[in-house]
Number of protein chains: 2
Amino acid sequence: MRRTAFFLSDGTGITAETLGNSLLTQFEGITIERVTIPYVDSPEKATSAVTRINDATSRDGAPAIVFDTIVKQDIRDIIMSSRGVMFDVFDTFLKPLEEQFGISSSYTSGKCHSINEFSTYHKRIESVNFALENDDGGRQQDYSKADIILIGVSRCGKTPTCLYMALQFGVRAANYPLTPEDLALPGLPDTLMAHREKLYGLTIDPFQLASIRHERRNNSRYGSLDQCEWEVDEVEKRFRQNGIMCINTTHFSIEEIATRIMDDVGLARGVA
Amino acid sequence: MRRTAFFLSDGTGITAETLGNSLLTQFEGITIERVTIPYVDSPEKATSAVTRINDATSRDGAPAIVFDTIVKQDIRDIIMSSRGVMFDVFDTFLKPLEEQFGISSSYTSGKCHSINEFSTYHKRIESVNFALENDDGGRQQDYSKADIILIGVSRCGKTPTCLYMALQFGVRAANYPLTPEDLALPGLPDTLMAHREKLYGLTIDPFQLASIRHERRNNSRYGSLDQCEWEVDEVEKRFRQNGIMCINTTHFSIEEIATRIMDDVGLARGVA
């Protein structure tokens, strides 16, 4: 069985997509083609979306599933004329919220992911710059300004996690790679120990690490299982010795690693 | 009037947070404190969440709003015993979806933002690495592998947009800063024109550019309004001359810039 799901929005489509995907992953054994159509903000675009929904419905022999966060009623009316099954996110939840708050919602389209406050936008950009400048042990003198410093062996997931924290939450995350040279010495480098309370460890299954490294540098010592096992072993020993919280990234997505770390250390999700 | 909203999840909390924030931004003139509690996956954590919900309700003198994407019924039952008003995302939408598909949902907690397919995870990480290596005009010989190449003056938003595209959608986005030296010559650099069909322009209001640059390097020529006006003018001229699509980033968030560009050029949102 094959079905098609549409995520429709008059804005970025991120809310419809996020919600829709969360719901659809609860269903197994069904092939669902996913189509996001953002910026459906004119009757022409709505009509074109209806054509695509109806085409998918005919092709699949069953109605397309439509998750929609369109705010304007005239646009939504056009979408509702399609043969798809509507999951109208705002319609479902805005009314009970209006009752709770005792006021009407502003029905301003695309408000969520637009720049509501310049300071928020600014904080994210600034955090991305911080992550880039303090990536891979770059500028260690900035650690006093960091919210968190991720440490671990090369290719265990530090950089994407730092960037995700910066972009999604406006968190200033630095990272420092523990190199074989660092691991040949006892303990942790002084530059790190000076910020002991901000350190958070990442670790990874040595097999997965070897496979990631192998792809990057074929047949090098860097990617050998022996080397990976030794590095992971040494790094985990140091986390234990110094009581540094850590997460094994092997089976987690970037979102999970980032949110679990922030939850562990009690970092606020500033800019969601 | 002040109210508190909770985003509760047995996973990352990203779905509850995204949906809840989209809905709450539709209400103006009300101060809403937002609290995300991820990984509510045990009766103990659920009970602790209930305490926080009830405390907020007492403090505000009105029920807390609770957006919840918890899948397990026993955990959800505990949350339902709170004095908050529940907006139960899965409960609302899963039943009609089950009817549509004619199958039961798997009710597996935290499925969406976990690693469903290693290849997807891998594609994102790989795209982040690509964005970093091809940031700021870095490795121009990789442009043949790029999905898109963003061009524009320094500090107009290229880097965060590339990183967002990589992390959120697994898109390989390179970027090249058009420097004053580039802009002193006619046309666009040959390395770029060789990939003309992948170029996408970013532009920005010169006043905002000056303010961003000023903060970075106080009182430099780089941050002077004259210089910013000249650069933006020259860059926009080249976009027009070469028929390069472009977006003015001044009033857009990173999500909006990224999704609008992808919509413009028809890039698929691979990993949503």
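Brief remarks follow.
- Enumeration of residues in the range B:229-266 that are without any contact (Cβ under 8 Å) to a residue 60 or more places away in the chain, part of a helix (DSSP H, G or I), open to solvent by less than 40 Å² (accessible area, probe 1.4 Å) and away from every other protein chain (no Cβ under 11 Å): B:E234, B:F239
- Identity of the residue in the range B:215-228, open to solvent by 60 Å² or more (accessible area, probe 1.4 Å) and outside any helix (DSSP H, G or I), that ends up nearest to A:I125 (Cα to Cα): B:R217
- Hey, B:F87 part of a helix (DSSP H, G or I), facing chain A (nearest Cβ under 10 Å), surrounded by 19 or more Cβ atoms within 10 Å (Cβ to Cβ) and not hydroxyl-bearing (S, T, Y) or not: no
- Being over 24 Å from the mean Cα position of the chain (by Cα), in a helix (DSSP H, G or I) and among the hydroxyl-bearing types (S, T, Y) holds for only one residue in B:T191, B:T159, and it is B:T191.
- Only listed residue being assigned to a loop (DSSP other than H, G, I, E, B), at pLDDT below 90 and closer than 20 Å to A:V89 by Cβ, chosen from B:S22, B:S105: B:S105
- Residue, nearest to A:K237 (Cα to Cα), within the range A:166-188, restricted to residues that are charged (D, E, K, R) and assigned to a helix (DSSP H, G or I): A:D182
- Count of residues meeting criterion [open to solvent by 10 Å² or more (accessible area, probe 1.4 Å) and away from chain B (no Cβ under 11 Å)] in the range A:138-157: 9
- A:Y176 satisfies every condition listed in (1) within 24 Å of B:P160 (Cα to Cα); (2) in contact (Cβ under 8 Å) with a residue 24 or more places away in the chain; (3) hydroxyl-bearing (S, T, Y); (4) within 13 Å of another protein chain (Cβ to nearest Cβ) except (4).
- Condition broken by A:R59, with the remaining ones in (1) crowded, with 20+ Cβ neighbours inside 10 Å; (2) in contact (Cβ under 8 Å) with a residue 40 or more places away in the chain; (3) away from chain B (no Cβ under 12 Å) satisfied: (1)
- B:N219 within 14 Å of chain A (Cβ to nearest Cβ) and among the polar types (S, T, N, Q): no
- B:L167 vs. criteria closer than 26 Å to A:D10 by Cα, surrounded by 20 or more Cβ atoms within 10 Å (Cβ to Cβ), under 17 Å from the mean Cα position of the chain (by Cα) and not polar (S, T, N, Q): yes
- The range B:16-56 - residue that is open to solvent by 30 Å² or more (accessible area, probe 1.4 Å) and among the charged types (D, E, K, R) and, of those, nearest to the other protein chains (Cβ to nearest Cβ): B:E28
The values are calculated or read from the model by the stated rules, or taken from the named source; none is laboratory data. Computed from a predicted model, the values in this text were never measured in an experiment. Because the Cβ atoms are built from the backbone with ideal geometry, glycine has one as well, and the counts that use them run over all protein chains shown. All accessible areas refer to the heavy atoms of the entire protein, side chains included, with ligands and DNA or RNA removed. Shrake-Rupley method; radii C 1.70, N 1.55, O 1.52, S 1.80 Å.
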